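What follows is a set of notes on a single structure, which appears directly below.
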Amino acid sequence: MSVKHLLGKAQKALAAKDYSHAGALFEELVTLSPETHQAWFGLGEVAQGIGQPDTAVTFFDHAVQLQPKNARYRQRLGEALGKLGQIEASLQQLLVARQLAPKDAGILCSLSGAYVKAGKWQRARKLLEEAVRLPKPLAAHYCLLGMACQQLGELDEALKAFNKATTLEPRYPDAWLSLGHLYIEKQQTDKAGACLKKLQTLAPEAVTTFDLAGELAWMRGDTREAASFYRQAADSAPDDRNIQAKLAVTLIMCGEALAAIDAMERAHALGTPEDWILEKLGTMFAIKYWTPMARENLEMAVERNPDNLSAWNTLLIVYAKGGESEKIRKAADTILEKDPDNIYALMNLSTWHNDQGRHDEALEVLARAREKDPGHRGTYSKALWAMVSASSVSAADILKLAQTFDERVFRPLLRPNDFATRNRDPERRLRIGWLSSDMRTHPVAAFIWPFLEHIDHEKLETFIYYNFSEEDGVTRRIKACTQQWRTVIGIGDDGLADLIEGDEIDILIDLNGFTDGGRSDVIARKPAPIQVTWLGFPGTSGMSAMDYIFVPPDPVLEKPGWSLEIPWPLPDCYGARADISEAAILPGLPCERESAPFTFACLNHFRKASEKTIELWSRILVQCPQARLILVAIGGKDDETIRYFSSQFERHGVNPAQLEFRGYVGQQKYYESYNEIDLGLDPFPYNGGTTGYDSIWMGVPFVTWPGEHLSARMGKAILENVGLHELVAASADDYVTIAVALANDHDRLKRLRANLRERMIASPLLDGPRMAKSLEAAFRGMWRRWCASQPLG
C-alpha cells in the first residue's frame with residue numbers, strides 16, 4: 001500500500017475519532033517513511049485525542065522540525081504546550097504561527113488563549129478583536145472576546161460580544177452560558193434566568209448548565225436549590241474540584257455539616273488549596289457557634305495563606321465573639337493593609353468599635369464603608385445598631401438612615417400586590433405567620449412560647465417560618481403549639497416570599513429585624529397584607545413594606561416621628577416572658593450581708609454603655625467613693641480591653657479600683673451574680689430588655705432614664721409593671737440623684753427590693769395567657785383596619 005493511500009486511511013480514521021486504528025496506521029507510516037510530516041502530526045492529534053498532551057508535544061515537535069513553516073503544526077504544538085502549563089514555550093510557538101498565517105482566526109484564538117493563561121487579558125482582547133473583524137467570524141470568537149472584556153471589567157462590551165454570539169448561533173450553548181454568567185455578575189437575575197432556560201433546552205445534562213443554575217440559585221439566596229444543582233453537577237463531574245468546592249459551601253449554608261465535610265474532603269483531594277478548606281470549616285463552625293473550633297481552623301487557614309482575606313474576615317468575627325481585642329484590631333489592620341476598601345473588614349471593625357462603646361467611631365467607619373458601596377445592606381444594619389446605642393444620635397437621625405436604607409435596598413424589592421383576592425371578612429379566622437431564626441434556646445423564644453401556648457386557635461392559625469438549621473427542647477415546645485411549621489433556611493428570598501404568599505398569611509410578624517438570621521429581603525417583598533416588626537431589632541426598620549411596630553404602652557412611643565411604621569401599643573407591656581431561673585434570691589442587701597462596698601452593676605453588654613451613660617455612671621461613683629460598679633463586656637478579662645474601659649471612667653475622675661469588669665459566664669453563674677448587686681444601673685439610650693427582666697426576677701431594682709425611641713424606653717416599661725415608677729428618672733441629673741440617694745438610704749432600697757419577684761409573677765411581665773389575649777386583640781384590630789381600608793368590589 002502506497003504512503004499516500006495509507007495516509008488517507010489514517011486521516012479518515014482520525015476524523016472519525018477512531019484513535020486506536022488511526023494511531024496504528026500513523027505508526028506504520030512513520031516506520032515506512034520517517035520524513036512524512038503528516039504522519040507525525042497525525043500521531044500528535046491521536047495523543048491529544050486520548051488525553052496524552054506530553055506525548056502529543058513530542059510528535060507535534062517532530063512535525064514542526066520537518067515542516068518549520070507550517071502554521072497549523074506550530075499552532076497545535078503551542079496548544080499542547082499550554083495544556084502542560086508551559087506557557088512561555090506555548091506563546092513562542094503560537095507567535096510564530098501567527099507570523100506564518102496572520103489572518104488565521106483559529107491561530108488568533110489559540111494565541112489569545114495562551115495570553116489568558118499568562119494573565120495578559122489586554123493582549124488577548126486585542127487579538128480577539130482582530131479575529132471577529134475577519135470574514136465570517138464564529139460565535140466562539142465572540143464568546144472568547146466577551147470573556148476577555150468581562151475579565152477586564154468592561155461588562156458592557158462583554159455583553160455586546162455575548163449577544164452577538166447568540167445572534168450568530170442561537171443554538172450554541174457556550175454563548176448562553178457566558179451570557180448567563182455575565183448577567184449574574186451584573187446582578188440581573190431575571191435575564192440570567194432566561195439564559196439558563198435556554199441552556200437547559202440546549203444542554204440539559206451538561207455540568208456547566210447545573211453550575212450556572214447553582215450560581216443563580218445561590219445569588220437568589222436559595223441555598224437548598226443551589227446545593228441540589230451542585231449535587232447534580234458533582235454526580236456528572238466527580239473530578240471537578242470547583243464543583244465540589246461550590247457544593248461544600250452551599251451545604252454549609254444549608255446546615256448539612258457532614259455532607260459539607262465530605263464535599264470539602266473531595267475538593268481537597270482534587271487539588272483545592274488547604275487554606276480554602278480550613279476557611280470553610282471555620283465558617284461552618286462559626287455558623288454553629290462552635291467558636292473554639294472555628295478559631296482553630298481559621299487561624300490555620302490564614303497561616304497557610306496570609307492573603308486569604310475571606311478567612312481573615314471570618315476570623316475577625318470569631319475574635320469579636322471571644323472578646324480578643326488585640327487580635328480583632330490586628331486582623332482588621334491586616335485586611336485593610338491588603339485591601340483598604342474591603343467592605344467586610346470595615347464592617348467588622350465597626351463591630352469592634354461598637355462592642356467597646358465607641359459608637360461614634362463605629363459610625364464613622366460605616367459611613368466610609370457606605371461611600372464605597374452605597375447599596376450594601378450590612379453597612380446600614382450595623383449603623384442602625386450603633387445608632388440605637390449612641391447618645392450622640394437622635395431618633396430623627398435613626399429614622400433618616402433607616403429610610404435611606406429602605407430607599408436604596410428594600411423598596412426596589414417591593415412586589416405590586418394588592419391582595420385583591422384575599423377574603424376580607426373582618427371577623428374570620430386569621431392566618432398569622434411568625435418569621436424567626438430564634439425558635440430555640442434564645443432570648444426571643446423566651447418571649448414567644450409563653451403566649452403561643454395560649455393562643456385561641458379558633459381565631460388564629462399559627463404558621464412559623466423557622467430560619468435555622470438546628471432544633472432543641474424549646475423548638476419542640478414551640479412546634480407543639482403550632483399548626484404549620486416550615487423550616488425555611490436555604491430557601492431563597494423570592495421562594496420564601498412565594499411560600500408565605502401561597503400560605504395566604506394575613507399578618508406576618510418579623511421577629512428578627514436586623515439580627516443574625518433575619519430575612520429582611522423577604523419582608524421587603526411584602527408577601528402578606530399586614531406586616532409587623534417585634535422583639536428582634538429594638539427600633540424602626542424604616543421599611544415601606546412594614547406596617548406596624550409593637551411598642552409598650554407609652555405616650556412617647558405611641559406618637560409618630562421616631563418610626564416609619566405605625567406604633568401599635570400592647571396594652572400592658574412589650575412582652576411576657578417565661579419563668580426565668582430557679583436561682584434563689586439571698587436575703588438582705590449584699591453590701592450588708594457580705595460587709596462589702598455598696599455595689600452598682602449593669603450586666604448588659606458594654607456596647608450599650610454610651611458616652612453619656614459613662615459620664616453619669618462616673619458622677620455616681622465620684623459621689624459614692626466607697627461604692628463599686630460591676631460591668632460585663634466581651635473581652636472583660638482582656639488586659640487591653642479593661643485598660644480602655646477603665647480610661648473612659650478615669651477621665652471623669654473615677655478611681656479605677658471602683659470598677660470590676662467581667663467577661664461572659666454561664667447562665668447559672670450569671671443569675672447568681674445578681675446576689676452581689678445592691679442596685680442596677682440601666683444603660684441609655686439602649687436600655688436593658690431581657691436583662692431588665694432578669695434583674696427584677698432576681699430582686700434587683702434598677703434606675704433608668706427614658707429616651708425618645710423604643711430601645712430607650714424599655715426600662716421604664718419594665719419598672720412600671722412592678723410598681724417602681726420612682727426609679728424612672730426625668731433627666732440626667734435625676735438619674736444620678738436617684739442612684740446616689742438609694743446608695744445612702746438602705747432602708748428605702750430594702751423596701752423597693754421587697755417581694756420583687758412575687759410582684760413580677762403577679763404582673764403582666766410573666767403573664768403568657770394575658771399576652772395571648774392582647775395579641776389576639778391587636779391582630780384583630782389590624783385586620784379590621786386593613787379590611788376597612790380596601791376598596792369595595
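The values are calculated or read from the model by the stated rules, or taken from the named source; none is laboratory data. Just so you know, these numbers come straight off a predicted model, no measurement behind them. Reconstructed Cβ throughout: ideal geometry from the backbone, glycine too, with neighbour counts over all protein chains shown. All accessible areas refer to the heavy atoms of the entire protein, side chains included, with ligands and DNA or RNA removed. Shrake-Rupley method; radii C 1.70, N 1.55, O 1.52, S 1.80 Å.
What to note about this one:
- Screening GLY689 on (1) within 25 Å of PHE606 (Cα to Cα); (2) at pLDDT 95 or above shows it passes everything except condition (2).
- Within segment 146-158, being at pLDDT 85 or above, open to solvent by 20 Å² or more (accessible area, probe 1.4 Å) and of a type outside the set (Asp, Glu) holds for one residue alone: MET147.
- Residues being open to solvent by less than 10 Å² (accessible area, probe 1.4 Å), under 14 Å from VAL551 (Cβ atoms) and not hydroxyl-bearing (Ser, Thr, Tyr) - total across segment 520-536: 2
- Filter pass, ILE509 being in a strand (DSSP E or B) and touching a Phe, Trp or Tyr at 6+ places or on another chain (Cβ under 6 Å): yes
- Comparison of PHE550, PHE537 shows that the only residue that is under 28 Å from the mean Cα position of the chain (by Cα), of a type outside the set (Lys, Arg) and assigned to a loop (DSSP other than H, G, I, E, B) is PHE537.
- Note on segment 447-478: residues that are surrounded by fewer than 19 Cβ atoms within 10 Å (Cβ to Cβ), touching a residue at least 12 places away in the same chain (Cβ under 8 Å) and either closer than 23 Å to ILE287 by Cα or small (Gly, Ala, Ser) (or both) amount to 6.
- When segment 553-563 is filtered for residues that are at pLDDT 95 or above and part of a loop (DSSP other than H, G, I, E, B), the ones remaining, listed by number, are PRO553, ASP554, TRP562, SER563.
- Only one of the listed residues (ASP341, ASP307, ASP333, ASP360) is in contact (Cβ under 8 Å) with a residue 40 or more places away in the chain and open to solvent by 50 Å² or more (accessible area, probe 1.4 Å). That residue is ASP360.
- For the criterion of being open to solvent by less than 40 Å² (accessible area, probe 1.4 Å) and not in a helix (DSSP H, G or I), PRO170 fails.
- Of the residues ARG428, ARG422, ARG377, the single one that is over 24 Å from ASP355 (Cα atoms) and in contact (Cβ under 8 Å) with a residue 60 or more places away in the chain is ARG422.
- Any hit, segment 462-471, residues being under 25 Å from ASP425 (Cβ atoms), part of a strand (DSSP E or B) and in contact with a Gly (Cβ under 7 Å, 6 or more places away or on another chain): yes
- Test: residue in segment 282-292 that is out of contact with any Asp or Glu (no Cβ under 6 Å at 6 or more places or on another chain), at positive phi and open to solvent by 30 Å² or more (accessible area, probe 1.4 Å): yes
- The requirement of being over 20 Å from LEU496 (Cα atoms) and among the β-branched types (Val, Ile, Thr) is fulfilled somewhere in segment 451-461, by at least one residue.
- ILE87 falls short on exactly one of the conditions (1) in contact with a Ser or Thr (Cβ under 6 Å, 6 or more places away or on another chain); (2) hydrophobic (A, V, I, L, M, F, W, C); (3) surrounded by fewer than 23 Cβ atoms within 10 Å (Cβ to Cβ), and that condition is (1).
- Boolean, ARG415 is of a type outside the set (Gly, Ala, Ser), part of a helix (DSSP H, G or I) and farther than 14 Å from GLY542 by Cα: no
- Boolean, ASP104 is among the acidic types (Asp, Glu) and either within 38 Å of the chain's Cα centre (by Cα) or open to solvent by less than 10 Å² (accessible area, probe 1.4 Å) (or both): no
- Among the residues of segment 55-84, just one is open to solvent by 50 Å² or more (accessible area, probe 1.4 Å), part of a helix (DSSP H, G or I) and at pLDDT below 90, namely LYS83.
- Residue match in segment 568-583 (condition: without any contact (Cβ under 8 Å) to a residue 24 or more places away in the chain, more than 17 Å from ARG431 (Cα to Cα) and surrounded by fewer than 23 Cβ atoms within 10 Å (Cβ to Cβ)): yes
- Selection from segment 437-472 of residues that are among the small types (Gly, Ala, Ser) and farther than 17 Å from TYR289 by Cβ: ALA446
- Of all the criteria given as (1) without any contact (Cβ under 8 Å) to a residue 24 or more places away in the chain; (2) surrounded by 17 or more Cβ atoms within 10 Å (Cβ to Cβ); (3) in contact with a Phe, Trp or Tyr (Cβ under 7 Å, 6 or more places away or on another chain), the one not satisfied by LYS191 is (2).
- Taking each residue of segment 770-793 that is in contact (Cβ under 8 Å) with a residue 24 or more places away in the chain and within 11 Å of LYS459 (Cβ to Cβ) and looking for partners that are open to solvent by 80 Å² or more (accessible area, probe 1.4 Å) and not in a helix (DSSP H, G or I) with beta-carbon atoms closer than 7 Å, six or more apart or interchain, yields ALA772/HIS454; GLU776/LYS459.
- From the options LEU775, LEU719, residue that is at pLDDT 95 or above and farther than 24 Å from ILE507 by Cβ: LEU719
- Screening segment 17-54 for residues that are within 52 Å of the chain's Cα centre (by Cα) and exposed (fewer than 15 other Cβ atoms within 10 Å of the Cβ) and picking the one that is nearest to GLN75 (Cα to Cα) gives ASP54.
- Residue match in segment 423-446 (condition: open to solvent by 60 Å² or more (accessible area, probe 1.4 Å), among the charged types (D, E, K, R), assigned to a loop (DSSP other than H, G, I, E, B) and touching a helix residue (DSSP H, G or I) at 6+ places or on another chain (Cβ under 6 Å)): yes
- Candidate set: segment 547-566, residues that are of a type in the set (A, V, I, L, M) and open to solvent by 10 Å² or more (accessible area, probe 1.4 Å); chosen: the one farthest from GLY375 (Cα to Cα): VAL556
- Residue, surrounded by the fewest Cβ atoms within 10 Å (Cβ to Cβ), within segment 643-678, restricted to residues that are over 35 Å from the mean Cα position of the chain (by Cα) and over 16 Å from PRO625 (Cβ atoms): ARG651
- Cβ pairs under 6 Å, 6+ apart, first in segment 494-508 and surrounded by 23 or more Cβ atoms within 10 Å (Cβ to Cβ), second part of a helix (DSSP H, G or I) and among the aromatic types (Phe, Trp, Tyr): ILE507/PHE779
- Residue list for segment 651-686, filter: touching a Pro at 6+ places or on another chain (Cβ under 6 Å) and either modelled with pLDDT under 95 or closer than 21 Å to THR737 by Cα (or both): ASP678
- Residue match in segment 645-666 (condition: under 22 Å from ALA732 (Cα atoms) and of a type in the set (Val, Ile, Thr)): yes
- ASP498 vs. criteria more than 19 Å from HIS454 (Cα to Cα) and at pLDDT below 95: yes
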